[in-house]
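All remarks here apply to the structure that follows.
The values are calculated or read from the model by the stated rules, or taken from the named source; none is laboratory data. Predicted model only: the values in this text are computed from it and were never measured. Methodologically, a virtual Cβ is constructed for each residue, glycine included, from the backbone with ideal geometry; neighbour enumeration extends over all protein chains shown.
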Amino acid sequence: MKVGKRTLMMSMAVTMALTALTGCTGNSDNQQGGTNKAAEGTKAPANAGDNKDTEAKDITLELLYWGDDVQKKLVEAATKKYTADTGIKINAQVLPADGTFDTFIQTRLQSGELPDISYMGEGDIQKYNEMGILADISDLLTDGSIPEKLSAITIHSPEQKVIGVGLSNQLELLFYSKSKFDEAGVAYPPTKVEEAWDWDTFVANAKQLTKDTKGKTAAEEGFNADLTENYGLGFTAGREFHHFWAANANGGGIVSPDGKEFQWDSPESAEGIQMLADLVNKDKVASPFTYTWSTGIGSAVDALSGGYAMAVSGSWDLANIKGNEDIGVGVLPKMKKAVTMNAGAPLVVYNTSKNIEEAKKFYAYMVNPENSLELLKSGAWLPNQADWYTDAALVDKWSSELPVSAKETILSYSTTKDSIVQWPAYYVPAYLKMNTEYEKSIDQVLSGSKSVKEIYDSIMPVIKSLWESGKVS
Amino acid sequence: MNPESKTSPAPVPVPKQAKGAVKEAVAGYLFAAPAIIGFLVLTLYPMLASFIYSFHKITIMSGSQIMEWIGLDNYIYIFSNPSSEFKKSITVTLVYAFVNVVLVIVFCLIIALLLNRRFIGRNMLRAVFFLPSVVPMLATTIVWQMLLQNQAKGGLVNWILLQLGIAPIEFLTDPIQIFSTLFIMSLWTCGGTIVVFIATLQDVPGELLEAIEMDGGNAWHKFLKVTYPTIKPVLFFQLIMCMMTSIQIYTQSVVLSRNGAPDRMTYFINVMIYDHSFVQVGMRGLASAEAWIVFLITLAITIVLFYFQGALKRDDSMGKRRKVRP
């Protein structure tokens, strides 16, 4: 009996010890990071490219993406169709659309278990390119597997290889509440780029729409800004693309589209960003915000039904205004130029994929607007292909359910030369570090405690030197 | 017969008791093995690895980690490079930690003293104070963020202020007010400490309190002469724990801004280290150096607190009294 107890005791102890170690074991095939897979990936295509059913059925590609329930359903439907058509199985894993996605990719990279294809944050693509794990997909564009995409969402490496294509051509737009405009007797914002309000008109209108608790507008004598109940304007977030829009709209910029000229420190850029901050601290027409997502107004539809008359937000908010007759969409005001910023998370292929040719074919399928038609119709995405903005039949496919003002605004931006500015994250290798330096101090401008010029004097030499390095790290 | 057998000493029989002790020790170590192995693999190894990393620049090329020896460069960068945010980050972290410890300990002690009195609804109130501490910090932060945001976004607190004709407070965008927000959340979730204090207060000898009352002492005398000496050890323990958790603040900052906004006032040390390790590129070695400096600072604070522990120990007279208690 004693022996039995001892044996039981020992077994339990050993089991517990091993249990503690279980989590520390990994896939021994992947212990060397992604290099083994990369090596295999370069060898695999010779036989993996065939379309033979027997081989295709053995291939499983892993897709990592973020999204809500709607997007999950649409992606799953697209992958099922792909499997039915080709026999290639797709293991699609969804993650929340927040900062954890990048962490997840990093963890998978460390364990040598990168997916074949994934979404990628705009600001991260050059980082992963420099790590050498993104596949060159130029061949898909040259051989016609992917028809010509909008240049604003075609992403190149510093060596001019195409490393990703944006799934959607997200644009920064001006959303507004018709009832609040009617009440204030202000004309709706225009939907044509060439008719965009100049800055003075925009600020004057925003003042008419800003009210304190006693009903006085910011344009009237006796207005008490400390007791503002309704703001004329709100920004989705205090983040970079609003700042970059202001810099570009005032005739400056961040880095020229060819990547050769540093424009962030130009007087025009500084003045544009100062005008943005002045909306809060001087004109008192916008609610305070900091250089982060959470202090912005959030969803445009919530903001406009709450205490805001206008909201500067991304085109993804179009999905939320469906059926809301009170919300209209117009072009952003101009300072010196009428422009908007573009964004849109790209899809990438990892060169660590064991089935890189199949992964590229699946990639071509996924970036085809035809396969994301439901997302396009909802307004959550906008087409990433030029002909979808010019061919009337294709335009009808995605825009028929959008408000007329939204459709007109999007088409006006998409067909007016130089009215869409590409987000520098797409083509500036040192973007992440440059932006980190910027965000360290820019809140002092947004809070009104310092001017853009004062902050620029201390941060721009460092930011410029980072740009000159031409490197992510 | 082997001649050697004559000269060799006779085998000494091992007492049964000793054998049992050895077996017991082996069993004990085996049972402790999971914790020991866990410590070695999950704590000691990462600590040593991060120490080695702290002297390297670490980059990833073609999916592989490349380590380049750079000596003390990471440590020099931390203290001398104008781009380094370490000084600001550790300053805001320590300011938050020290103020938070004082607020939490004082607040919890006052609430515990009040809840230790007999009154109707005492148990319900105890539950009310304890309940928020079982809610995850992530959820608590989101709720408080919604309550304290700008009135135009639907912030209830500011909306009430506005209706009362008081100017709303920028709880989330003002560099100073953001600390009020953090302290409110911290006090909201300190129910666990209140429970520990209430449990300790049960141990305060009632006859001594009565004696002070009979001698004409008031509530303050009772607290100072009896209650405080009794709860000193628990007070010290809670102080250490609160200091450690305050220095490790992370969730609130990430939910409120992710990047330390406003003006990097919530860019706490753990947020910065995480940022350098997993968001930025080529800064993992720097993050390791930062983590080691934080470790040394935390160690120094703990040593100082332990030094003062003597002053917080239970009075000898109290100890003696308890020993003779039947």
*Which fully enclosed helices (runs of 4 or more DSSP H) of the range B:205-304 have 2 or more residues being closer than 30 Å to A:Ala237 by Cα?*
B:228-247, B:251-256, B:269-274
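Conditions (1) over 24 Å from A:Tyr128 (Cβ atoms); (2) more than 12 Å from chain B (Cβ to nearest Cβ); (3) crowded, with 24+ Cβ neighbours inside 10 Å; (4) modelled with pLDDT of 95 or more, marked per residue:
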position	(1), (2), (3), (4)
A:Ala286	yes, no, yes, yes
A:Gly298	yes, no, no, no
A:Val301	yes, yes, no, no
A:Trp316	no, yes, no, no
A:Glu325	yes, yes, no, no
A:Val329	yes, yes, yes, yes
A:Asn351	no, no, no, no
A:Glu357	no, yes, no, no
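Going by what's in this entry, would B:Pro34 be described as over 22 Å from the mean Cα position of the chain (by Cα), part of a loop (DSSP other than H, G, I, E, B) and within 9 Å of chain A (Cβ to nearest Cβ)?
No.
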*Using beta carbons and a limit of 7 Å, which pairs, at least six apart or on different chains, have the first residue in the range B:78-102 and within 14 Å of chain A (Cβ to nearest Cβ) and the second one part of a helix (DSSP H, G or I) and among the hydroxyl-bearing types (Ser, Thr, Tyr)?*
B:Ser84/B:Tyr77
*If we scan the range A:251-262, do we find a residue that is more than 10 Å from every other protein chain (Cβ to nearest Cβ), of a type in the set (D, E, K, R) and surrounded by 18 or more Cβ atoms within 10 Å (Cβ to Cβ)?*
no
_Can you say whether A:Tyr82 is in contact with a Phe, Trp or Tyr (Cβ under 7 Å, 6 or more places away or on another chain) and of a type outside the set (D, E, K, R), as far as the supplied structure shows?_
yes
*Quickly run through the range A:140-174 and pick out the residues that are among the small types (Gly, Ala, Ser), modelled with pLDDT under 90 and surrounded by 19 or more Cβ atoms within 10 Å (Cβ to Cβ).*
A:Ala152
*May I ask you to list the residues in the range B:39-73 that are surrounded by 12 or more Cβ atoms within 10 Å (Cβ to Cβ), within 14 Å of chain A (Cβ to nearest Cβ) and among the polar types (S, T, N, Q)?*
B:Thr59, B:Ser62, B:Ser64, B:Gln65
*asked:* As an exercise: evaluate A:Ala338 against (1) more than 14 Å from chain B (Cβ to nearest Cβ); (2) of a type in the set (Gly, Ala, Ser); (3) part of a helix (DSSP H, G or I); (4) crowded, with 23+ Cβ neighbours inside 10 Å and give the number of the one condition it does not meet.
replied: (3)
*Give the residue, chosen from B:Leu172, B:Leu182, B:Leu187, that is in contact (Cβ under 8 Å) with a residue 40 or more places away in the chain and part of a loop (DSSP other than H, G, I, E, B).*
B:Leu172
_Please pick out the residue among A:Lys471, A:Lys464 that is among the basic types (Lys, Arg) and modelled with pLDDT under 90._
A:Lys471
*Keeping to the range B:215-263, report how many residues are of a type in the set (D, E, K, R) and more than 14 Å from every other protein chain (Cβ to nearest Cβ).*
4
_Search result, residues across the range A:91-128 that are farther than 30 Å from A:Asp58 by Cβ, without any contact (Cβ under 8 Å) to a residue 60 or more places away in the chain and within 12 Å of another protein chain (Cβ to nearest Cβ)_ = A:Asp98, A:Gly99, A:Thr100, A:Asp102, A:Thr103
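Each row is one residue, and each column tells you yes or no for (1) within 14 Å of chain B (Cβ to nearest Cβ); (2) under 23 Å from A:Ile442 (Cα atoms); (3) modelled with pLDDT of 95 or more.
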site: A:Tyr176; (1), (2), (3): no, no, yes
site: A:Trp199; (1), (2), (3): no, yes, yes
site: A:Gly215; (1), (2), (3): yes, no, no
site: A:Arg239; (1), (2), (3): yes, yes, no
*Do we find that B:Phe171 is closer than 30 Å to A:Leu227 by Cβ, among the aromatic types (Phe, Trp, Tyr), away from chain A (no Cβ under 14 Å) and crowded, with 16+ Cβ neighbours inside 10 Å in this structure?*
no
*Scan the range A:175-185 residue by residue and report those that are more than 23 Å from A:Asp317 (Cα to Cα) and buried (at least 16 other Cβ atoms within 10 Å of the Cβ).*
A:Ala184
*Do we have A:Ile133 as of a type in the set (Val, Ile, Thr), closer than 24 Å to A:Ser469 by Cα and at pLDDT 90 or above here?*
yes
*What single numbered condition from (1) within 17 Å of A:Asp317 (Cα to Cα); (2) surrounded by fewer than 20 Cβ atoms within 10 Å (Cβ to Cβ) fails to hold for A:Leu394?*
(1)
